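Report on the following structure.
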Amino acid sequence: MNDLRDRGRRSLRAGAQTLPAPTAGSESARRSEAPCRWTQILLVTGGYAAALVVAAAAVAARWLLQADADSGGAAGMAAFGDALWFLIVFAGAAMPATGAALFFLRTRPVFWRIASLIALATGATGIAALVALPAAHSATLPPAACSLLAPLRLLLAPGLALALSLAAFFSPLRGCRRILLGCAACEVIVLVGALLIWLRPSA
């Protein structure tokens, strides 16, 4: 019995000695992760801030170019045009920051699954807006709240198609990549259908 106890104690000691001890390299790697994450956050936020500055400068340039134009137009239409121009320029200027953010999130599978679900919900709103668009375009049908908001949703289709295509390019999961590509194609189809409705002469 004593021999068995001695052998058991020796095996436990040997097992404890073979356990890997934390090395200085692993600790330094963990410490370096925090500054790397802060650098990524600063890079992405700086890119979006630069995109805001570029979009604001584009709107200011539009104001200067239209300073000599006729000022008798509707102020609401001018404000809508400025807002739309701001969104277009901001979406284009923010693509590098969006690409960097998606590249940094490649190691987060949960993000890509959630993004795929959001893309499916967004695609459903695009299809609903396309279905409701004839009511807003027709002069005989009574307008509804959904039909009045449909053109605003359809104006977002080009930017959404580009963003979804970019997300599909960086997605590390094959299933999520297919969903994102399908939603991007859906946005293109919705945009083409909206253009056909808008360009069709009203009855």
Is one or more of the residues making up the range 160-174 outside any helix (DSSP H, G or I), at pLDDT 90 or above and within 20 Å of Tyr48 (Cβ to Cβ)?
no
Using the structure shown, decide if Ala57 is more than 20 Å from the chain's Cα centre (by Cα), within 29 Å of Trp38 (Cβ to Cβ) and modelled with pLDDT of 90 or more.
yes
Test: residue in the range 99-120 that is surrounded by 13 or more Cβ atoms within 10 Å (Cβ to Cβ), at pLDDT below 85 and out of contact with any His (no Cβ under 6 Å at 6 or more places or on another chain)
no
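Conditions tested, residue by residue: (1) within 12 Å of the chain's Cα centre (by Cα); (2) more than 16 Å from Leu160 (Cβ to Cβ).
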| position | (1), (2) |
| --- | --- |
| Ala78 | no, yes |
| Gly81 | no, yes |
| Leu84 | no, no |
| Phe90 | no, no |
| Ala100 | yes, yes |
| Thr107 | no, yes |
| Val110 | no, yes |
| Ile114 | yes, yes |
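State which residue is surrounded by the fewest Cβ atoms within 10 Å (Cβ to Cβ) when the search covers only the range 160-189 and only residues that are touching a Cys at 6+ places or on another chain (Cβ under 9 Å) and closer than 21 Å to Ala128 by Cβ.
Ala161
The values are calculated or read from the model by the stated rules, or taken from the named source; none is laboratory data. What you see is a predicted model, and the numbers here were worked out from it, not measured in a lab. Reconstructed Cβ throughout: ideal geometry from the backbone, glycine too, with neighbour counts over all protein chains shown.
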